[in-house]
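Only one structure is covered here, and it is reproduced in the block below.
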Amino acid sequence: MIMRLFLIFLFLICFNYPVSASTKGTLETLILTWEVSRKGCEKVNDPLEKSHYCIMKDETAKALKSKGFCEGVRDFIIDEEVDFYKDNAELISKYKILQKIVRHKWIPCLYETFIENPKERFIVDEDDRTLEWLIHKGDGSFDIDVNKIILREQNADQDCRGGNTPEVVFAGCSVRDEIFKIMENYGICRGAHNYPQILKEIAGQYVWYFRHKWVPCLYSFITGDTLVPETYLYDVVNLKDLDVKDGLFFEKETLYPFDGFVLDTDEKGSGAIRKGKKHGIWRYFDVLNKEINAVYFENGLKKSESKKPMFDMLEKAKAFYPDRCEWDRSMGRYHIINFGDSEFFAVECIYGSYNAWYVYLERKNDGSYLPISFSYPLINNTLAEDNKRSSSKLIGFKTVVALCNPEYDLAKMTIQTFCKGRGIGDVASYGVWQLQQEEDAIELINRFILRKFASDNSLDEKKNPVTILEYEMSPDD
């Protein structure tokens, strides 16, 4: 059930939120969602749950294909190498590892050799040097044509390394360096120059097959960026599916220390495990899939930590609300919401058994922070003697600085709340606030407008809220 909820979370992130070329994590999220749902589709026995996994697998596959990626070939074979591997058990074993590296990976369709269906290969009939690799989207943003930008980088690289005039070399190197930044920010990285140590000699007369080829940065073993060259990504495992014994992670019901890439669905993190110990960089994400923390492990020991939370933001929150929040208990938990070009921080203020309240700060362009308040209805609730019928009457409004159990719709720029009066949720209040933006001569002014509020005051063990007020959303919705 928890895995299913995690997949739903990833699914919503991938398909309901706008994707821009500058958004880190989106490609990685799609791939990880596909990996986990593929395993569920293949291995889960329950028909309903299996169907859920299979549908999600197909949907994420469509999304990846729309971005210019093709599924990796199941059995990667170079015909010329057959004799090279003949009667060599060690190289045959390494070759099987290489096949697993490519299998179930998402590779740019430009690289026909590595994709399962060569008919899906990317073919361009334009001049490579005039390719338009930016795709204009209807909402005014841009996306990247992965295969075209790879071709553009190859041309720039050739000019940088072999141009016949200083002007050509300088221009090529400059363009290549800028494209590098764009591609890595998008989530694709350049393959290693030489073969990984674990596959030494496997290439025979060839250099590493993925040399200078662009693949998702998630496959760090292929790109050569990983701190754990021995760990290769041919499966993704949930941390809950491993056994922990004496500080080591083992495959379930075995005494084999685990090697591979792991999802920690409880902490919304991911990283590599080598010989049963966390090793390398583990990354953690907030509710909107933005990286908030990176921890570097060496053989299970935490060596360093790079936190991205804005510590000045937390100090500002404490200064704005010194007496209204339980700062010692909240431990500075927060998440980031981007509504258009505006950035907001939701900082946990108070939490109980089944409710958590957040205060909000807007970060302005000059780096300052502005506290956010919300209009909130005053409701007079009355309950009948049978506890099954209730009535609610709006008697006024007040201003609050914290919202309860928030969720977000980035497209509609709304915050929705579901604040429980009892753990089962039959007594609860529901609210919707929408961001309204106005621009004056100086800056963009953001205000959250109460659009809808409902109340459920009946102790009937059912969720049957009654709408107290509802205003029309903005015309675009």
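The values are calculated or read from the model by the stated rules, or taken from the named source; none is laboratory data. Given the structure is predicted, the values throughout are model-derived calculations rather than measurements. No Cβ is skipped: glycine too gets one built from the backbone with ideal geometry, and neighbour counts run over all protein chains shown.
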Can you find a residue that is at pLDDT 70 or above, in contact with a Gly (Cβ under 7 Å, 6 or more places away or on another chain) and assigned to a strand (DSSP E or B) anywhere in the range 224-243? yes
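Looking only at the range 400-443, which residues are under 28 Å from the mean Cα position of the chain (by Cα) and among the aliphatic types (A, V, I, L, M)? Full working, then the answer.
Taking the range 400-443 and keeping what is under 28 Å from the mean Cα position of the chain (by Cα), we get 402-419, 430-437.
Those that are under 28 Å from the mean Cα position of the chain (by Cα) and among the aliphatic types (A, V, I, L, M): 402, 403, 410, 411, 413, 415, 432, 435.
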Single residue of the range 21-54 satisfying the filter (in contact with a strand residue (DSSP E or B) (Cβ under 7 Å, 6 or more places away or on another chain) and in a loop (DSSP other than H, G, I, E, B)) that is modelled with the highest pLDDT: 25
Does any residue in the range 186-198 that is in the same structural domain as residue 217 (by TED's automatic domain parsing) come within less than 9 Å, Cβ to Cβ, of a residue that is of a type in the set (Phe, Trp, Tyr) and modelled with pLDDT under 70 six or more places away or on a different chain, and which pairs are these? 192/221; 195/206; 196/221; 196/232; 198/221; 198/232
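Would you please name the residue that is nearest to residue 31 (Cα to Cα), looking only at residues in the range 90-111 that are among the charged types (D, E, K, R) and in a helix (DSSP H, G or I)?
Start the filter on the range 90-111 by keeping residues that are among the charged types (D, E, K, R), which leaves 90, 94, 96, 100, 103, 105.
Cutting the leftovers down to in a helix (DSSP H, G or I) gives us 90, 94, 96, 100.
On the way: 90: 31, 94: 25, 96: 22, 100: 16 Å.
Among them, the one singled out is 100.
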Answer from 447, 422, 451 - the residue that is of a type in the set (D, E, K, R) and not in a strand (DSSP E or B): 422
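Can you tell which of 333, 329 is modelled with pLDDT under 80, surrounded by fewer than 13 Cβ atoms within 10 Å (Cβ to Cβ), of a type in the set (Lys, Arg) and not assigned by TED's automatic domain parsing to the domain that holds residue 279?
Values: 333 fails: surrounded by fewer than 13 Cβ atoms within 10 Å (Cβ to Cβ).
The unique qualifying residue is 329.
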List pairs: first residue in the range 261-272 and not assigned by TED's automatic domain parsing to the domain that holds residue 335 and crowded, with 22+ Cβ neighbours inside 10 Å, second residue among the polar types (S, T, N, Q) and in a strand (DSSP E or B) anywhere in the structure, Cβ distance under 6 angstrom, at least six positions apart or on different chains. 263/238; 263/270
Looking at the range 244-270 only, could you name the residues that are outside any loop (DSSP other than H, G, I, E, B) and over 19 Å from the mean Cα position of the chain (by Cα)? 244, 245, 248, 249, 250, 251, 257, 260
Checked against (1) modelled with pLDDT of 75 or more; (2) under 23 Å from residue 28 (Cα atoms), residue 173 satisfies every condition except (2)
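Tell me the residue from 365, 338 that is assigned to a loop (DSSP other than H, G, I, E, B) and closer than 22 Å to residue 413 by Cβ, please.
Values: 338 fails: assigned to a loop (DSSP other than H, G, I, E, B).
Exactly one of 365, 338 is assigned to a loop (DSSP other than H, G, I, E, B) and closer than 22 Å to residue 413 by Cβ, namely 365.
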Scanning the range 141-161 residue by residue, those part of a strand (DSSP E or B) and either closer than 11 Å to residue 176 by Cα or out of contact with any helix residue (DSSP H, G or I) (no Cβ under 8 Å at 6 or more places or on another chain) (or both) turn out to be 142, 143
Per the list (1) modelled with pLDDT of 80 or more; (2) in contact with a helix residue (DSSP H, G or I) (Cβ under 6 Å, 6 or more places away or on another chain); (3) outside the structural domain of residue 448 (by TED's automatic domain parsing); (4) of a type outside the set (Val, Ile, Thr), residue check on residue 371 breaks on (3)
Check residue 376 against each of (1) over 26 Å from residue 316 (Cα atoms); (2) surrounded by 14 or more Cβ atoms within 10 Å (Cβ to Cβ); (3) touching a Leu at 6+ places or on another chain (Cβ under 9 Å) and name the one condition it does not meet. (1)
